[in-house]
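Undergrad: Structure incoming, see below.
Quick note: the coordinates plus some simple rules give every number you see, no bench work behind them. Computed from a predicted structure; not experimentally measured. Reconstructed Cβ throughout: ideal geometry from the backbone, glycine too, with neighbour counts over all protein chains shown.
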């Protein structure tokens, strides 16, 4: 139901791209990661096509270019240990650095399951602190 609502909303709003985390099912016209947790739908409603030469696809992380924008979709399970989480965030930061060399604009979206009062949560967990090096990397680019 929620996925159908997202698709209908996209049809009505006609965005260039929709970034999806942990979909009920991945649709064949989306760009999908290897695990089924992160997707990018380049809608082509406005004539924008994906740049498949920029495609990065791994477990729970993927990106593709859309015009001059590099789009990332990610998902991190809440059950992951902090060491694995740090590796995931470091990989994301590395891919962002690589991608920014090719594209000027950047969209990073997903469900990274980190709790923080910075983005409206009631508490902050140790995963939130993992984001600071990634944010500094992006800010310095």
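Undergrad: Over the alpha carbons of the range 1-78, what is the largest minus smallest coordinate on each principal axis, giving the biggest first in Å?
TA: Rounded to whole Å, the extents work out to 34, 33, 20 Å.
Undergrad: Turning to a different aspect of this structure: Take the alpha carbon atoms of the range 54-103, find their radius of gyration, then divide it by 2.2 N^0.38 Å using N residues; give the quotient.
TA: For the range 54-103, the normalised Cα radius of gyration comes out at 1.20.
Undergrad: Further question on the same structure: What is the angle, in °, between the Cα long axis of helix 126-140 and the longest principal axis of the Cα atoms in the chain? Nearest 10 is fine, range 0 to 90.
TA: 60 degrees
Undergrad: Between the helical axis of 2-13 and the dominant principal axis of the chain, each derived from Cα atoms, what acute angle in degrees is found, rounded to the nearest 10?
TA: 60 degrees
Undergrad: Can you pull the Rg over Rh of the range 41-131, Cα-only, Kirkwood?
TA: Ratio of gyration radius to Kirkwood radius for the range 41-131: 1.02.
Undergrad: Report the calculated FRET efficiency for residue 129 and residue 101 (r = Cβ-Cβ distance, R0 = 30 Å), to the nearest 0.05.
TA: Computed FRET efficiency for residue 129 and residue 101: 0.65.
Undergrad: Rounded to the nearest 5, what % of DSSP beta bridges with both residues in the chain are antiparallel?
TA: DSSP beta bridges in the chain are roughly 70 percent antiparallel.
Undergrad: Follow-up. What's the angle, to the nearest 10 degrees (0 to 90), between helix 82-100's Cα axis and the longest principal axis of the chain?
TA: With both axes taken from Cα atoms, the answer is about 50 degrees.
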